[in-house]
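Enquirer: This is the structure, below, for whatever I ask next.
The values are calculated or read from the model by the stated rules, or taken from the named source; none is laboratory data. Note that the structure is a prediction, hence the values are computed from the model and not measured. In this analysis, Cβ positions are derived from the backbone assuming ideal geometry, glycine residues included, and neighbour counts consider all displayed protein chains. Heavy atoms of the whole protein, side chains included, go into the accessibility calculation; ligands, DNA and RNA do not. Shrake-Rupley method; radii C 1.70, N 1.55, O 1.52, S 1.80 Å.
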Amino acid sequence: MSAAPEAGRSEARGTPSASERYRPWTLLLGALLIPPNSLWIARAEALDYSGFPTCMSLFYNVIFSLMALLAINAALRHWLPRFALRRQEMLVVYAMVATGSSLAGHDSLQMVVPSIPHVAYFANAGNNWSSQIAPLLPSWLTMTELNDNIKAYEQGYSSLYQWDHIQPWLAPMGYWSIFLLSTLGATLLIGLLLRRQWTDNERLTYPVVQIPLMITEGGGSNPIFRSKLMWGGFALSAGIDLLNGLQQFFPSLPSINVKVQDLSPMLAPYPPWNAVGWTPMSFYPFAIGLSFFMPTSLAFSCWFFYFARKAQQIYCASIGVMDPDPWYPYLREQSFGGWIALAITSLWFGRGYVAGVLKEAVSFRGKGDGGVSYSFAFFALLGCMAGMAIFLMQAGLSPALSVTYVLLYLAFCTAAARVRAEAGPPAHEIGWVGASGMLVAALGTTAIGPKGLAVFSLLYFQNRMHRGLLMPQQVECLKAGAQSGLRTRAMFIALAIAGVVGVISAFWAMLHLSYGRVYATAVHPAAPGSAFAGDAYGRLQQWITTPVLPNQVSVFAMAIGALFAVALGRMSVAFHGFPFHPAGYALGMSFGLDYIWMPIMISWAVKSLLLRWRGLAGYRAAIPFFVGLVLGEFAVGGMWSFLRGILGVKTYTFYIW
């Protein structure tokens, strides 16, 4: 096994140098920035249903905070240099805020919190939830008896800061925190155990984290901010968002629509072409900028397999095979099989490294990775996985299904982290491709049982969408720390602390907004996020009243997806320049790239032409322009989102809608 250079230097000396550490107050700064960012995210996504900072790979609220910190740091370097942050310290703050943002994100605690009291508030004689669903829910995780506290939470115009409002939440928050911390601990430890294989042995490029690495170089004093090309890209994207933002207040101004537009009305309205369904097209500047860092073969695979998915739907319609399911022919199952295969093949191709890590872990020998022993990491991982499984068993899932779910979910997270490290797509929704849905399809509802199905409903946040997944953020932050010369242990500690602070902050932000809101949510029937809880419990009721039989075709589709992904992986390794990558297949078959296939295609075309006619030097010369596209959109778009939260007025949102 090859050792990372930074770890080797520190271990050779016995103690890390100053550049491999950070000053303790850096952790305090990172922790203090998590709560306001959690509140920002919860207000934008859950309350106002706008902006969606955690629905992209690089969270714009984190980059906005980092750019503000860079501006402050510039003044500190001039006036109080001893207090100025070093690059490593800025990356630690970035990592902590990114971790907290993921936990407060659209697909995390924004869905957990409203699921806790939802049944109590929405149960009525018409839906029979009080007799059909409430008895299935664990009393220590949910509230199933309606009272004034739940009414205040769901209706708003109140305040969290009353003991009779806080006290009922303490037990559910505590138990949910155990599961959430066990999960984030497991993903962090898997990322740490695989870090050297992905970073040093396979030399994956980690495209998404390249921009934070660039702009923090020299503590913010670096050539990227002196590049005219960067400022040109910045002016272009910032100008578009500034104009569109002003147009919200002054309708007479023109606007430039770069957001989602549906192409399907332009296609033939009759079969089989109408089977193509919703086909969004966009020109998000930030997505074009981030896509420029994707390897060309992976970028090509992403948009190619998006169209391959559409082609499957058109072909089935052309031969008369129609199904009301918009994901026919078993596209979600194909995607899930591809994701699990990606996780397994990643471990298989690195089996020599994995065997070496396991041998070192069980022998309690070796230096580990940058101050973290593999023995600690491995056995702590087993402890976190056991904590997840025990939680699920206590909630009502059978032991076999609990273990199976934990393994499938962590395999999926590992595959997603691997794809982010290798491909770095600007976003990855991966909609409705989750372990719980696949287990229901494979086993049927009777084998899982009513209480098991209720647990799956509570885990809806882990199975609906996978946009702001935490593990990709964790592995990118470990990479950023290593590349900047920071010891792995130092970044590991920061990420662990951020996880604890992030869970608490996310609960607080959601409860603070729900009790204290003075206007109705944009799309939710009651408290922010309540529509998602309604979806989960509505699906549970459907499972109970209309049992689902085991679907052998679904299992076959998963197997086909897995085998196809394995075949693509083998050919990618065997044939240099092979254009089709399994990551593109797994993303394309799901609702993973619908919003951003066009930006990926644009960047792929520009990058391919640059490499063909100008070579590597031409590509490197163009990088500042695409960095500017990202920073400009995040600066001005982030400003509009921030002002919406502060002023309470509707402002321009640059992503999705």
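Enquirer: Sorted by average packing, counted as other Cβ atoms within 10 angstrom per residue and highest first, what order do 376-386, 259-269 take?
Expert: Top to bottom by mean Cβ count within 10 Å: 376-386, 259-269.
Enquirer: Would you mind classifying the stretch 351-423 by shape? Square roots of the alpha carbon gyration tensor eigenvalues, ordered a ≥ b ≥ c; an a/c under 1.5 is rounded, otherwise it is prolate if a/b is larger than b/c and oblate if not.
Expert: oblate
Enquirer: For the ranges 510-518, 187-195, 597-605, 309-317, what's the packing order if you count other beta-carbon atoms within 10 Å of each residue, average per peptide, and put the highest first?
Expert: Result, highest mean Cβ count within 10 Å first: 187-195, 597-605, 510-518, 309-317.
Enquirer: If you keep only loop residues by DSSP, which trypsin sites (Lys or Arg not before Pro) in the stretch 537-621 have at most 15 other Cβ atoms within 10 Å of their Cβ?
Expert: Qualifying residues, ordered by number: R614.
Enquirer: Same structure, new question: Collect residues whose amide H, placed 1.01 Å from N in the peptide plane, falls under 5 Å from the amide H of M281; neighbours closer than 5 in sequence don't count.
Expert: HN-HN under 5 Å from M281: Q261, D262, L263.
Enquirer: How much length is gained if the chain between W273 and L407 is pulled fully straight, taking 0.36 nm per residue apart and subtracting their Cα-Cα distance, in nm to one decimal?
Expert: Once the chain is fully extended between W273 and L407, it gains 44.3 nm.
Enquirer: Any idea what diffusion coefficient the stretch 591-657 gets from Stokes-Einstein, in µm²/s, Kirkwood Rh on alpha carbon pairs, 25 °C, 0.890 mPa s?
Expert: Translational diffusion coefficient: 172 µm²/s.
Enquirer: Restricting things to alpha carbons, tell me how big the stretch 533-657 is in terms of Rg and Dmax, in Å.
Expert: Taking only Cα atoms of the stretch 533-657, I get Rg and Dmax of 22.1, 63 Å.
Enquirer: Suppose R0 equals 45 Å; then what is the FRET efficiency for R82 and A559 from their Cβ-Cβ distance, rounded to the nearest 0.05?
Expert: 0.15
Enquirer: Sorted from largest down, give the three principal axis spans of the alpha carbons of the stretch 206-346, whole angstrom values.
Expert: 61, 52, 21
Enquirer: I need the trypsin sites (Lys or Arg not before Pro) found in the stretch 65-170, filtered to DSSP loop residues with at most 11 other beta carbons within 10 Å of theirs.
Expert: none
Enquirer: A further question follows. With a sphere of radius 15 Å drawn around the Cβ of G356, what net charge do the other residues whose Cβ falls strictly inside it have (Lys, Arg +1; Asp, Glu -1)?
Expert: Summing Lys and Arg as +1 and Asp and Glu as -1 gives +2.
Enquirer: What are the aspartates and glutamates whose alpha-carbon lies under 13 Å from the alpha-carbon of K151, with same-chain residues fewer than 8 places away excluded?
Expert: D164
Enquirer: A further question follows. Fully extended, how many nm does the chain gain between A605 and A74 (0.36 nm per residue separation, minus their Cα-Cα distance)?
Expert: The A605-A74 span can extend by a further 187.5 nm.
Enquirer: Something else now. Enter the accessible area per residue of the chain (Å², integer; probe 1.4 Å; all protein chains in place).
Expert: 38 Å²
Enquirer: For a protection proxy built on the mean count of beta-carbon atoms within 10 angstrom, sort 490-501, 641-652 highest first, please.
Expert: Per-residue mean Cβ counts within 10 Å order the peptides as 490-501, 641-652.
Enquirer: Moving on. Enter the Cα centre distance for the pair the stretch 560-575 and the stretch 610-657, rounded to the nearest angstrom.
Expert: Between the Cα centre of the stretch 560-575 and that of the stretch 610-657, the gap is 34 Å.
Enquirer: In terms of the Cα gyration tensor, with a ≥ b ≥ c the square roots of its eigenvalues, is the chain rounded because a/c is under 1.5, prolate because a/b exceeds b/c, or oblate?
Expert: rounded
Enquirer: Would you mind computing, in nm to one decimal, how far apart the modelled labels at I314 and L246 are, each placed 7 Å from Cα along Cα→Cβ?
Expert: Once both label points are built, they end up 4.2 nm from each other.
Enquirer: Could you give me the ³J(HN,Hα) list for the stretch 412-419, computed from phi with Karplus coefficients 6.51, -1.76, 1.60 and θ = phi - 60°, whole Hz, x at Gly and Pro?
Expert: So the J values, rounded to whole Hz, are 4, 4, 5, 5, 5, 5, 5, 5.
Enquirer: If you take the square roots of the eigenvalues of the alpha-carbon gyration tensor of the stretch 363-498 and sort them as a ≥ b ≥ c, do you get rounded (a/c under 1.5), prolate (a/b over b/c) or oblate?
Expert: It comes out oblate by the Cα gyration axes.
Enquirer: Go ahead and run the numbers for FRET between L358 and A171, Cβ-Cβ distance against an R0 of 35 Å, rounding to 0.05.
Expert: 0.35
Enquirer: How many angstrom separate the Cα center of the stretch 385-403 from the Cα center of the stretch 242-266?
Expert: Comparing the Cα centres of the stretch 385-403 and the stretch 242-266, I get a distance of 48 Å.
Enquirer: Hey, another quick one. Can you run phi through the Karplus equation (6.51, -1.76, 1.60; θ = phi - 60°) for the stretch 289-305 and list ³J(HN,Hα) in whole Hz, with x for Gly and Pro?
Expert: These are the phi-based 3J(HN,Hα) values: x, 5, 5, 5, 8, 6, x, 4, 5, 6, 4, 4, 4, 4, 6, 5, 6 Hz.
Enquirer: Short version: ³J(HN,Hα) in whole Hz for each residue of the stretch 365-374, in order, from phi by Karplus 6.51 cos²θ - 1.76 cosθ + 1.60 (θ = phi - 60°), x for Gly and Pro, what are they?
Expert: 10, x, 9, x, 10, x, x, 10, 6, 5
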